[in-house]
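One structure is given here, and the rest of the page talks about it.
Every number here is computed from the coordinates shown, using simple stated rules; none is lab data. Because the structure is a prediction, the values reported are computed rather than measured. Positions of Cβ are backbone-derived with ideal geometry, glycine not excepted, and every protein chain shown enters the neighbour counts.
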Amino acid sequence: MTMMGFINLNKPQGFSSHDCVARVRRILQTKKVGHGGTLDPLAVGVLPIAVGKATRLLQFLPSKKAYRAKVRFGVRTTTDDLEGEIISQKKCPDLKLENISVFFADFIGNIEQIPPIYSAIKKDGKKLYELARQGKDVDIPSRQVEIFKIEVVNWWSGDFPELELDIVCGSGTYIRAIARDLGEKVGTGATLANLVRTLSCTLDIDHSINLESLEQQKNNNQLTLIPPDLPLSHLPKISFDEEESIRWKQGQKLIFPEDHSQQFYRTYDQEKQFIGISEIKQGIENLIIKPKVVIL
């Protein structure tokens with residue numbers, strides 16, 4: 001039977017998201033593997049992995065993510081984390097938590113963020129980090145991101161104080177940029193010292209699996225993938241009878257009998273099996289429902 005579903009992978013440090021996909025391909029012996037959101041090599045934590053036809057569902061996963069980040073003050077680096085070269089370093093032993101927390105409100109909501117120069121965002125067809133390595137000056141366009149919550153977890157005073165934060169945000173948010181910008185507001189400079197993604201696409205770190213356990217489960221025939229519709233619970237649901245299911249799978253348009261609340265719907269057949277994603281569109285007279293992704 002063809003494997004299909006998701007893996008809640010706990011990405012190890014030093015692995016890129018692409019490295020993890022390659023490793024999972026080898027473990028599962030299947031080419032059709034993808035990931036749901038890049039995570040920097042230095043970062044660890046939740047990396048959603050799609051297997052088989054579930055790769056076609058990655059575009060529908062919810063965008064909310066959560067991180068535990070450690071920010072080090074008094075240090076500026078080229079990459080906005082400890083992987084880069086130090087640009088400046090100045091002790092700030094008098095810095096207090098209350099000097100920093102007054103700026104949290106500036107980061108909540110829809111904000112404009114300038115991504116780190118060392119990032120995979122493309123400009124003129126080239127990734128920013130490629131241009132940075134070539135020593136080219138790049139005008140980095142800002143982008144709008146959404147941050148829902150910033151909470152203090154720990155504070156360590158010292159010559160280079162460190163602050164641990166829990167951050168909940170939307171996709172496309174760079175935690176490195178938050179660390180950098182927080183340091184600029186405080187006036188000491190700052191860089192990201194450690195990052196753990198604790199939640200991504202409804203998958204949380206407490207229920208994640210590492211690569212070693214994944215391989216062991218596969219070798220012992222104990223591996224169970226997360227059902228493909230489980231991370232899609234944010235989408236409304238629609239069910240068909242037998243005739244409608246057959247017509248839908250054949251690509252036929254059906255009349256949509258309800259109010260048009262969302263564009264995409266989790267779709268189930270008469271046996272309550274998940275068969276894919278439907279899209280609602282305006283027809284000539286009625287709303288119509290047609291297959292966007294057929295899974296089963």
Pairwise label distance in nanometres, Gln270 with Ser101, each label 7 Å out on the Cα-Cβ vector: 6.1 nm
What's the angle, to the nearest 10 degrees (0 to 90), between helix 17-28's Cα axis and the longest principal axis of the chain? 40 degrees
Would you mind calculating the gained length between Lys185 and Ser16 on full extension (0.36 nm times residue separation, minus the Cα-Cα distance), in nm to one decimal? 57.8 nm
Packing rank of 90-99, 49-58, where each peptide gets the mean count of other beta carbons within 10 Å, highest leading: 49-58, 90-99
Return the distance in nm (one decimal) between the two label points of a simple spin-label model at Arg143 and Leu296, each offset 7 Å from Cα along Cα→Cβ. 3.5 nm
Points 7 angstrom from Cα along the Cβ direction at Ser233 and Ser157: gap in nanometres? 4.4 nm
Taking Lys218 as the anchor, which aspartates and glutamates have their alpha carbon closer than 19 Å to its alpha carbon, excluding any fewer than eight residues away along the same chain? Asp19
Over 31 Å, how big is the tail of the calculated P(r) for the chain, in percent of all Cα pairs? 41 percent
Between Ile255 and Gln216, the FRET efficiency computed from the C-beta separation at R0 = 41 Å comes out, to the nearest 0.05, as 0.25
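Here are some pairs, Lys32/Lys149; Lys53/Lys253; Lys149/Lys290; Lys32/Lys249; Lys31/Lys149; Lys11/Lys281; which of them have Cα atoms lying more than 32 Å apart in this structure?
Working: Lys32/Lys149 35 Å; Lys53/Lys253 22 Å; Lys149/Lys290 37 Å; Lys32/Lys249 22 Å; Lys31/Lys149 38 Å; Lys11/Lys281 38 Å.
Those over the limit are Lys32/Lys149; Lys149/Lys290; Lys31/Lys149; Lys11/Lys281.
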